[in-house]
Amino acid sequence: WRHAMSRGRFIAALRNINYNGDPDRLFCLVDSGEKPDGKVSASELLELLRAKPNRLNDLDRDHPCKGVVLSNLASCDMMYGNITDGLQKLRDAATIVQREALTTRDYSKLNSVLTNIAVGYIHLED
């Protein structure tokens with residue numbers, strides 16, 4: 001394609017405009033057509049530019065339910081003695097549910113994840 005942008009140029013362009021999401025993840029979402037080719041074509045870029053700014057920022061965010069699932073998987077890891085893997089999943093879950101909590105002002109999921117992190121560190125005797 002003559003009218004295509006490579007991953008590096010796409011990411012650099014988003015960083016130059018102070019895009020507050022994850023440019024690499026957005027690139028993967030835009031280039032995820034039938035045959036991802038590692039480039040964003042003019043038509044793919046046009047679709048991206050037509051998106052509303054709020055929708056654009058939400059494209060690279062994790063679904064809030066993913067945080068709950070990660071938290072549950074982490075609890076299973078810790079029950080089976082795999083504390084460090086469980087804690088990593090809980091850290092990832094905390095990042096996801098924190099975004100939701102800041103938007104909805106409902107901190108119950110975040111409190112649950114943070115409590116499980118505390119339990120994990122107790123198991124590590126740290």
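See the values below:
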{"item": "In Hz, Karplus ³J(HN,Hα) per residue of the range 88-100 (6.51, -1.76, 1.60; θ = phi - 60°; x = Gly, Pro)", "result": "5, 5, 5, 4, 5, 5, 4, 4, 5, 6, 5, 4, 5"}
{"item": "Inter-label distance for Arg9 and Asp85, nm, one decimal - labels placed 7 Å from Cα along Cα-to-Cβ", "result": "4.2"}
{"item": "Amide proton proximity set for Ser41, modelled H, under 5 Å, gap of 5+", "result": "Met5"}
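Here, each number is a calculation from the coordinates, and none is a lab measurement. Here the structure is a predicted model, which means the values were calculated and not measured. Ideal geometry is used to build each Cβ from the backbone, glycine not excepted, and the neighbour counts take in all protein chains shown.
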